[in-house]
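J.: Can you read through this structure? Questions will come right after.
The values are calculated or read from the model by the stated rules, or taken from the named source; none is laboratory data. Remember, it's a predicted structure, so these values are computed and weren't measured experimentally. Quick reminder, even Gly has a Cβ in these numbers, built from the backbone with ideal geometry, and neighbours come from all protein chains shown.
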């Protein structure tokens, strides 16, 4: 079965199981660690922030079912902020999150961004490991207990990718 990317919105019904599972994961890992339900993070940003021309929301589909996904929104003029990178719990350790990251980086470059910024929580060591092994720079001291930070910021320069794609590669995405 072939996997395919679908650019859509967080409001797409195909995204609902992914968002519900990610919300559950945040709740089970963090509870009210930050003084509010972890699910609050999932409703913090309106869907339109993840829409072109400044954002994108992508699902990785297998047989029409969302198995992974991610999004970005504008952080500043040169920087896209990645959010909601997630893989179905039963399909982890197969490189799906890396595929989503690669796709999001390409799309961010197509939309004119030259830098990526993202954060993950200290109770998500697999995510931190993924970012470190895919060229992201930790903006915190990785030699100390990550719990002292709570949120772990990373960045990646994609200017070479932006140059490789070229200035005429800006893609206007339509939500399906």
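Matching residues to (1) in contact with a helix residue (DSSP H, G or I) (Cβ under 7 Å, 6 or more places away or on another chain); (2) in contact (Cβ under 8 Å) with a residue 60 or more places away in the chain; (3) outside any helix (DSSP H, G or I):
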{"site": "1", "(1), (2), (3)": "no, yes, yes"}
{"site": "20", "(1), (2), (3)": "no, no, no"}
{"site": "25", "(1), (2), (3)": "no, yes, no"}
{"site": "28", "(1), (2), (3)": "no, no, no"}
{"site": "35", "(1), (2), (3)": "no, no, yes"}
{"site": "52", "(1), (2), (3)": "no, yes, yes"}
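J.: Let me ask another. Identify, by number, the condition in (1) surrounded by fewer than 17 Cβ atoms within 10 Å (Cβ to Cβ); (2) assigned to a helix (DSSP H, G or I); (3) out of contact with any helix residue (DSSP H, G or I) (no Cβ under 8 Å at 6 or more places or on another chain) that residue 15 doesn't meet.
T.: (1)
J.: Which condition breaks for residue 161 when tested against (1) surrounded by 13 or more Cβ atoms within 10 Å (Cβ to Cβ); (2) modelled with pLDDT of 90 or more; (3) not in a loop (DSSP other than H, G, I, E, B)?
T.: Unmet condition: (2).
J.: Can you name every residue in the stretch 138-155 that is surrounded by 13 or more Cβ atoms within 10 Å (Cβ to Cβ) and farther than 26 Å from residue 35 by Cα?
T.: 155
J.: Being under 22 Å from residue 116 (Cα atoms) and either buried (at least 19 other Cβ atoms within 10 Å of the Cβ) or touching a helix residue (DSSP H, G or I) at 6+ places or on another chain (Cβ under 7 Å) (or both) is the filter here; which residues of the stretch 37-50 pass it? Quick ask: steps written out before the conclusion?
T.: So the first thing to find is which residues in the stretch 37-50 are under 22 Å from residue 116 (Cα atoms), and the list is 41-50.
Scanning the stretch 37-50 gives 41, 42, 50.
J.: May I ask you to say which residue of 71, 109, 97 is surrounded by 22 or more Cβ atoms within 10 Å (Cβ to Cβ), in contact (Cβ under 8 Å) with a residue 60 or more places away in the chain and outside any strand (DSSP E or B)?
T.: On the way: 71 fails: outside any strand (DSSP E or B); 97 fails: in contact (Cβ under 8 Å) with a residue 60 or more places away in the chain.
The unique qualifying residue is 109.
J.: Read through the list (1) touching a helix residue (DSSP H, G or I) at 6+ places or on another chain (Cβ under 7 Å); (2) modelled with pLDDT of 90 or more, then give the number of the only condition that residue 136 fails.
T.: Looking at each condition in turn, residue 136 falls short on (1).
J.: OK, next. What number of residues in the stretch 114-129 are closer than 19 Å to residue 98 by Cβ and either in a loop (DSSP other than H, G, I, E, B) or without any contact (Cβ under 8 Å) to a residue 40 or more places away in the chain (or both)?
T.: The total comes to 8.
The rows are residues; the columns are (1) at pLDDT 90 or above; (2) under 16 Å from the mean Cα position of the chain (by Cα); (3) assigned to a helix (DSSP H, G or I).
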| residue | (1), (2), (3) |
| --- | --- |
| 101 | yes, yes, yes |
| 105 | yes, yes, yes |
| 141 | yes, no, no |
| 169 | no, no, no |
